[in-house]
Amino acid sequence: MSRQVFLYDPPDRFVAGTVGLPGRRTFFLQASAAGRTTSVALEKAQVEALAERIDELLDEVVRRTGGSAPVPAVAPVEHADTAPLDTPVEEEFRVGTMALAWDAEGERMVVEAQALVELEADTDEDLAAAEERLLQDETNGPPMLRVRITGTMARAFAKRALDIVNAGRPPCPLCSLPLDPEGHVCPRQNGYRRGA
């Protein structure tokens, strides 16, 4: 079976979002254009890492071009997207590997999210080789979401993604573990239940 690539060049909308209540949220990347929408599931930590790396890469682009690249220093308020994910949210795949690149010629950020694939191998070297072959296989590799966005869209994506990550349960002031609405057993309080 050939590799399925969900290509958006450019998307009308590319956002991170969640479904569910804090503490039980499922995180998604969602791209849409021309009446089609693709949603892929991923972990909260992946969303946070992606947003941070996008900001870092854009900062590096601005630094290397001396500010001549069409990349804003911060996310423009007029490009903020606070709308919920487009429904229905149907997961195409769960993300395993992500990649970022800056296309200097097209002045676009390229975001790739590949499906999680389980491989079996006898040694770590065999596993690493199998992973590399699979990721480089353009015809039979895992499904992939590939999005090409402007620097402005990338800044707006990163800001929204970090806002969504931080909108979860508040941390306990003592142990930094998330506080549930019904309280939590704080290890710093010797196991006493602490209210939210």
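Listing for the model above:
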| read-out | value |
| --- | --- |
| Matching option when the condition is touching a helix residue (DSSP H, G or I) at 6+ places or on another chain (Cβ under 7 Å), aliphatic (A, V, I, L, M), buried (at least 19 other Cβ atoms within 10 Å of the Cβ) and in contact (Cβ under 8 Å) with a residue 60 or more places away in the chain, among V147, V95 | V95 |
| Selection from the range 125-136 of residues that are under 22 Å from D103 (Cβ atoms) and either surrounded by fewer than 13 Cβ atoms within 10 Å (Cβ to Cβ) or modelled with pLDDT of 70 or more (or both) | Q136 |
| Matching entry among V74, V62 (being over 13 Å from the mean Cα position of the chain (by Cα) and either in contact (Cβ under 8 Å) with a residue 24 or more places away in the chain or at positive phi (or both)) | V74 |
| Among the candidates R36, R63, R53, residue that is more than 30 Å from L21 (Cβ to Cβ) and basic (K, R) | R63 |
| Members of the range 1-21 found to be in contact with a strand residue (DSSP E or B) (Cβ under 8 Å, 6 or more places away or on another chain), touching a residue at least 12 places away in the same chain (Cβ under 8 Å) and open to solvent by 30 Å² or more (accessible area, probe 1.4 Å), listed by number | Q4, V5, L7, D9, P10, D12, R13, T18, V19 |
| Among (1) of a type outside the set (G, A, S); (2) modelled with pLDDT under 95; (3) surrounded by 14 or more Cβ atoms within 10 Å (Cβ to Cβ); (4) not in a loop (DSSP other than H, G, I, E, B), the one test that T37 misses | (2) |
| Given (1) of a type in the set (A, V, I, L, M); (2) over 13 Å from the mean Cα position of the chain (by Cα); (3) in a helix (DSSP H, G or I); (4) under 22 Å from T18 (Cα atoms), number of the condition A83 does not satisfy | (3) |
| Any hit, the range 161-172, residues being open to solvent by 40 Å² or more (accessible area, probe 1.4 Å), within 16 Å of the chain's Cα centre (by Cα) and among the β-branched types (V, I, T) | no |
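The values are calculated or read from the model by the stated rules, or taken from the named source; none is laboratory data. All figures in this text were calculated on a predicted structure; none of them were measured in a lab. Because the Cβ atoms are built from the backbone with ideal geometry, glycine has one as well, and the counts that use them run over all protein chains shown. Heads up: the accessible areas ignore ligands, DNA and RNA and are worked out on the full protein's heavy atoms, side chains in. Shrake-Rupley method; radii C 1.70, N 1.55, O 1.52, S 1.80 Å.
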